[in-house]
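The values are calculated or read from the model by the stated rules, or taken from the named source; none is laboratory data. Note that the structure is a prediction, hence the values are computed from the model and not measured. In this analysis, Cβ positions are derived from the backbone assuming ideal geometry, glycine residues included, and neighbour counts consider all displayed protein chains. Remember, those area values only see protein heavy atoms, side chains included, never the ligands or the DNA or RNA. Shrake-Rupley method; radii C 1.70, N 1.55, O 1.52, S 1.80 Å.
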Amino acid sequence: MSDPKKLFIKTYGCQMNVYDSERMAEAMAPEGYVTTEVAEEADLVLLNTCHIREKAGEKLYSDLGRLRPLKLARPEVKIGVTGCIAQAEGAEIMQRMPLVDLVVGPQAYHRLPALARAGGRPVDTDFPAEAKFDLLPERSGRRGPTAFLTVQEGCDKFCAFCVVPYTRGAEASRPVDRVLAEARGLVERGVREITLLGQNVNAYHGQRNGADVGLGHLIEALAEIEGLDRIRYTTSHPNDMADDLIAAHRDQPKLMPYLHLPVQSGSDRSLKAMNRKHRAEDYLRLIDRIRAARPDILLTSDFIVGFPGETDADFEATLDLIRKVGYGAAFSFKYSPRPGTPAAEKPELPAEVTDARLYALQALILDQQHAALGAMVGRETSVLYEKPGRLPGQMVGKSEHLMAVHVADESGKVGDLVRVRITAASSNSLAAAPVL
Ligand code: 5AD
Ligand code: SF4
């Protein structure tokens, strides 16, 4: 038997790309490929890219530059660009980067094996009518205790700053039965926690027995799977927080008390300019309803600072909203103009204004994060062990609120779900001991 061929995948960007990279590796396994962590020994290198901000794109071109010596030394090595930059700039990549052998957009991964076999520098960025995930091979291989599962792709919202509607296309959901089958397969392989993914996951509307059902219903159906102990989902839009989903946070103990609900800004003027289609007040009322359903829920968000036209007063309104909500953590980004989006036409703010606002916002969020971690001390929670810690007799995993926890547990094993009491908080994690 010949030696297996080696596949190296570098993943940039969001969790959906992490999931897609896994699926691509599984799709290449029947072609005789095993994955490697070392790019230099690969026969096929895939760069699974992100287009969300300019920096993400710059990384692709510098990484391609770094692959040049490999391609010179072993010209038979194939280099592929996949993901959202492939979708947006496929032809340009081929023109600028002669070392690239294939370009495959996110909707064409089921054709990756054929494209990798083919010569002639193929570019496949079609949006096919067929359901890509159902044409990819079934999930395989050994698993850790946590897994991602994409249930929805694309976005119809058209926020003025965002490339996603262009790179991932219109909203599309996988049928409930397909999701359940994939989840059962993951649980059989040792998974105990599944994070449902979608660019707009709470806009999920899958088919079940001829009816159209929402994410709340899907979560209830998944919760019936024995051996699946924890369910999460990300990332959501405030306007799609349907009643059945809020009810699932109240009624379904397997749904973890954590919600990433990006608001982007606390200023109605900026929200309007961003085409978010909700006001700050709507978001705050929504948070009230979610907290009424699940009082201990931990909220996180995304924020963009320095959006075109943002005034000091707009920024103050964002800080004000943050103070009112009280987040457990948040991602914050400097606005980055993306080609083809409406906001890219507008004049940018001076860099020093944006920098100062980002700094101030991150300081406030950090205070809230520390407060949220500190408030856990003395409380009980469950932790799903993901790996051994650095200290002997220590296990590391996530709490119900997705906080990293180091547990002193001599007999702990990866995959154990253990009741613990939090003993201390540091700036980004917790320490705990099992409850006897
Ligand atoms: N500039 C800065 N941040 C952006 N995001 C999306 N598009 C841009 C952009 N053009 C952020 C949003 C989104 C997160 C995934 O990335 O906050 O929620
Ligand atoms: Fe980046 Fe958005 Fe594509 Fe994810 S979907 S890889 S965040 S551009």
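Each residue of segment 387-399 in turn: what ³J(HN,Hα) in whole Hz from Karplus with 6.51, -1.76, 1.60 and θ = phi - 60°, glycine and Pro shown as x?
Using θ = phi - 60°, the values come out as 6, x, x, 6, 8, x, x, 10, 10, 10, x, 10, 7 Hz.
Please give the length that would be gained between residue 284 and residue 371 if that part of the chain were fully extended, namely 0.36 nm times their separation in residues minus their C-alpha to C-alpha distance (nm, one decimal).
Going from the current span to full extension adds 29.3 nm.
Ordering 71, 132, 6, 346 from largest to smallest accessible area (1.4 angstrom probe), what's the sequence?
346, 6, 71, 132
What's the local net charge at residue 142, with K and R +1, D and E -1, over the other residues with C-beta under 15 Å away?
Every neighbour counted, the sum reads +1.
Keeping the other protein chains in place, figure out the carbon and sulfur percent of the accessible area of the chain, with a 1.4 Å probe.
In the chain, the share of accessible area belonging to carbon and sulfur is 53 percent.
Length gain on complete extension for the stretch residue 410 to residue 429, per 0.36 nm per residue less the alpha carbon to alpha carbon distance?
4.9 nm is the gain from fully extending residue 410 to residue 429.
Per DSSP H run of at least 4 residues, take -39500 (n - 2.57); add these up for the chain, divide by its residues and hand me the 222 nm value, nearest 500 deg cm²/dmol.
-10500 deg cm²/dmol
Report Rg/Rh for segment 26-119, rounded to two decimals, where Rg is the Cα radius of gyration and Rh the Kirkwood radius.
Ratio of gyration radius to Kirkwood radius for segment 26-119: 0.94.
Determine the dipole magnitude for the chain: charges of +1 sit on the beta-carbon of Lys and Arg, -1 on that of Asp and Glu, nothing else is charged, the reference point is the Cα centre, and the result goes in debye to the nearest 20.
Dipole of the chain, to the nearest 20 debye: 460 debye.
Across segment 100-112, in residue order, what do the Karplus-derived ³J(HN,Hα) couplings come to in whole Hz, using 6.51 cos²θ - 1.76 cosθ + 1.60 with θ = phi - 60° and x for Gly and Pro?
7, 9, 8, 10, 10, x, x, 8, 10, 5, 5, 9, 4
Residue 3: accessible area at probe 1.4 Å, nearest 10 Å²?
Residue 3 exposes around 130 Å² with every protein chain in place.
Where both residues lie in segment 294-407, what percent of DSSP beta bridges are antiparallel, nearest 5?
Antiparallel bridges make up about 60 percent of those DSSP assigns within segment 294-407.
If you take the Cα Rg of segment 189-315 and divide it by 2.2 N^0.38 Å, with N the number of residues, what do you get?
1.17
Any idea of residue 58's accessible area? Nearest 10 Å², probe 1.4 Å.
110
Among the Cys residues of the chain, which have no other cysteine Cβ under 4.7 angstrom away?
By the Cβ distance rule, which asks for a partner under 4.7 Å, the isolated cysteines are 14, 50, 84, 155.
Could you order 19, 335 so the one with the most accessible surface comes first? Probe is 1.4 Å.
335, 19
What are the ³J(HN,Hα) values, in whole Hz, obtained from phi via the Karplus relation 6.51 cos²θ - 1.76 cosθ + 1.60 with θ = phi - 60°, for each residue of segment 311-327 in sequence order, with x given for Gly and Pro?
With the stated coefficients, segment 311-327 comes to 9, 4, 5, 4, 5, 4, 5, 5, 4, 4, 4, 4, 4, 5, 6, x, 8 Hz.
Given N residues in the chain, what is Rg(Cα) / (2.2 N^0.38 Å)?
My calculation over the Cα atoms of the chain gives 1.01.
Roughly speaking, what is the centre-to-centre gap between segment 130-209 and segment 240-276 when only Cα atoms are used, to the nearest Å?
19
What residues have an amide H closer than 5 Å to that of residue 78, excluding those fewer than 5 places away on the same chain, when H is modeled at 1.01 Å from N in the peptide plane?
44, 45
Given the protein chains as shown and a 1.4 Å probe, how many square angstrom of residue 243 are accessible, to the nearest 10?
Accessible area of residue 243: about 110 Å².
Setting aside same-chain residues fewer than 8 positions from residue 6, which aspartates and glutamates have a Cα under 13 Å from its Cα?
Residue 6 reaches 26, 31, 37, 40, 41, 43, 76.
Pick from 259, 364, 222: which residue has the top mean-square fluctuation in a GNM of the chain where Cα pairs under 10 Å get a spring?
The residue that fluctuates most here is 364.
How about residue 5: which lysines have a C-alpha closer than 22 Å to its C-alpha, ignoring those fewer than 8 places off in the same chain?
71, 78
Name the long-range amide H neighbours of residue 423: under 5 Å, sequence gap of 5 or more, or other chain; modelled H, no Pro or chain starts.
Amide H to amide H, under 5 Å and 5 or more residues apart or across chains, residue 423 pairs with 378, 431, 432, 433.
Hey, can you rank 91-100, 374-383 by average C-beta count inside 10 Å, highest first?
So the peptides 91-100, 374-383, ranked by packing, come out 374-383, 91-100.
Need one number: % antiparallel among DSSP beta bridges in segment 142-269, to the nearest 5.
30
Please list the non-local residues whose amide H lies under 5 Å from the amide H of residue 206, H modeled 1.01 Å from N, same-chain partners needing a gap of 5 or more.
It is 213, by chain and number.
Just the number please: accessible area per residue for the chain, 1.4 Å probe, all protein chains included, in Å².
Normalised by residue count, the accessible surface of the chain is 44 Å².
Quick one: of the DSSP bridges fully inside the chain, what percent are antiparallel, nearest 5?
Just about 35 percent of them are antiparallel.
Give me the lysines in straight-line cross-link reach of residue 277: C-alpha distance below 25 Å, same-chain residues under 8 apart excluded.
Hits, sequence-local ones excluded: 157, 324, 334, 346.
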